[in-house]
1. Just checking, which of Asp99, Asp79 is within 20 Å of Asp190 (Cα to Cα) and touching a residue at least 24 places away in the same chain (Cβ under 8 Å)?
2. Going by what's in this entry, would Glu56 be described as over 21 Å from Leu138 (Cα atoms), touching a residue at least 60 places away in the same chain (Cβ under 8 Å) and in a loop (DSSP other than H, G, I, E, B)?
3. Here are some conditions: (1) over 19 Å from Ile91 (Cα atoms); (2) free of Cβ contacts under 8 Å to residues at least 12 places away in the same chain. Gln111 meets all but one. Which one does it not meet?
4. I want to confirm something. Restricting to region 103-156 and keeping residues that are part of a helix (DSSP H, G or I) and surrounded by fewer than 16 Cβ atoms within 10 Å (Cβ to Cβ), which single residue is modelled with the lowest pLDDT?
5. If you take the residues in region 82-96 that are among the β-branched types (Val, Ile, Thr) and either without any contact (Cβ under 8 Å) to a residue 40 or more places away in the chain or in contact with a Phe, Trp or Tyr (Cβ under 6 Å, 6 or more places away or on another chain) (or both), which one is surrounded by the most Cβ atoms within 10 Å (Cβ to Cβ)?
6. Which pairs do you get when a residue that is free of Cβ contacts under 8 Å to residues at least 24 places away in the same chain, found in region 164-191, comes within reach of a residue that is aliphatic (A, V, I, L, M) and assigned to a loop (DSSP other than H, G, I, E, B), reach meaning Cβ atoms under 7 angstrom, with the pair 6+ apart or on two chains?
7. Which of the numbered conditions does Ile100 fail, given that it passes all the others? Conditions: (1) within 30 Å of Ser216 (Cα to Cα); (2) in a loop (DSSP other than H, G, I, E, B).
8. Could you grab the pairs with beta carbons closer than 9 Å, sequence gap of 6+ or different chains, first residue in region 135-158 and farther than 30 Å from Gln113 by Cβ, second one assigned to a loop (DSSP other than H, G, I, E, B) and polar (S, T, N, Q)?
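The values are calculated or read from the model by the stated rules, or taken from the named source; none is laboratory data. Since the model is a prediction, treat every value here as computed from it, not as a measurement. Positions of Cβ are backbone-derived with ideal geometry, glycine not excepted, and every protein chain shown enters the neighbour counts.
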Amino acid sequence: MKTEYKHPDPADPSGFVLLADFVPHIIQEIRYHSTYNFIGERIDGYEEPVALLSIEAARALKAVSNELFVQGYRLKVFDAYRPVCAVRQFILWGIEDTDIRMKPYFYPDLQKQELFQKGYIAKQSSHSRGSAIDLTLLDMKTGKEVDMGSPFDLFSEASHPDYRGISQEQYENRMILQHAMVRNGFLPLDCEWWHFVLKDEPYPDTYFTFPVSAASLRK
């Protein structure tokens, strides 16, 4: 039986929720609301440091959180829904902007244009469809992020999930996250260990435009 996909207005946030309302143990460090990201400034459309996600993806992530919580981990989210204007800023930065101040931290071995060629930055992002998430694990015993062998948004071969130039423990940590996500309906990305998309995403053809804020959901 063929799935009937929804085609909503890209400005309509009615199918979205605040992730913290669905996953009570979630930790949020929304990098694109801060200046600590690969561009070095707050990104367009990130009006509040909150994670928004489609209801379907939030439900699936709650199952992931519950599974990992009993193993001693909490989920830490870096990015979820990303409006189209943010992606447009990424593209313009890559094409026109000569600023490379964050290169040593996020793309030390690549030129800006290669970030698009190698798939690290997409001209249409799955995040804008509302069911993609960037996240890691936090160890509840130590209170620290689990060592994944490379930091979030390091655009490098070292961030590929199957990269074996890291320790066995670091690789196994990646697999703990990946296996839990896949078991609960998410698909991994081959070049970023932190990025997952809901397999049965509700809006596979819609790229949303409303800003990242709790206020968006109250309108």
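1. Going through Asp99, Asp79 in turn, just one is within 20 Å of Asp190 (Cα to Cα) and touching a residue at least 24 places away in the same chain (Cβ under 8 Å): Asp79.
2. No.
3. Only one criterion is unmet by Gln111, namely (1).
4. Taking region 103-156 and keeping what is part of a helix (DSSP H, G or I), we get 103-106, 112-117, 126-129.
Right, trim to surrounded by fewer than 16 Cβ atoms within 10 Å (Cβ to Cβ) and you get 104-105, 113-114, 116-117.
Details: Pro104: 96, Tyr105: 96, Gln113: 85, Glu114: 89, Phe116: 88, Gln117: 88.
Filtering region 103-156 for residues that are part of a helix (DSSP H, G or I) and surrounded by fewer than 16 Cβ atoms within 10 Å (Cβ to Cβ), the one modelled with the lowest pLDDT comes out as Gln113.
5. My answer is Val84.
6. Listed pairs, sorted by first residue: Gln170/Met148.
7. (1)
8. So the pair list comes out as Asp147/Ser167.
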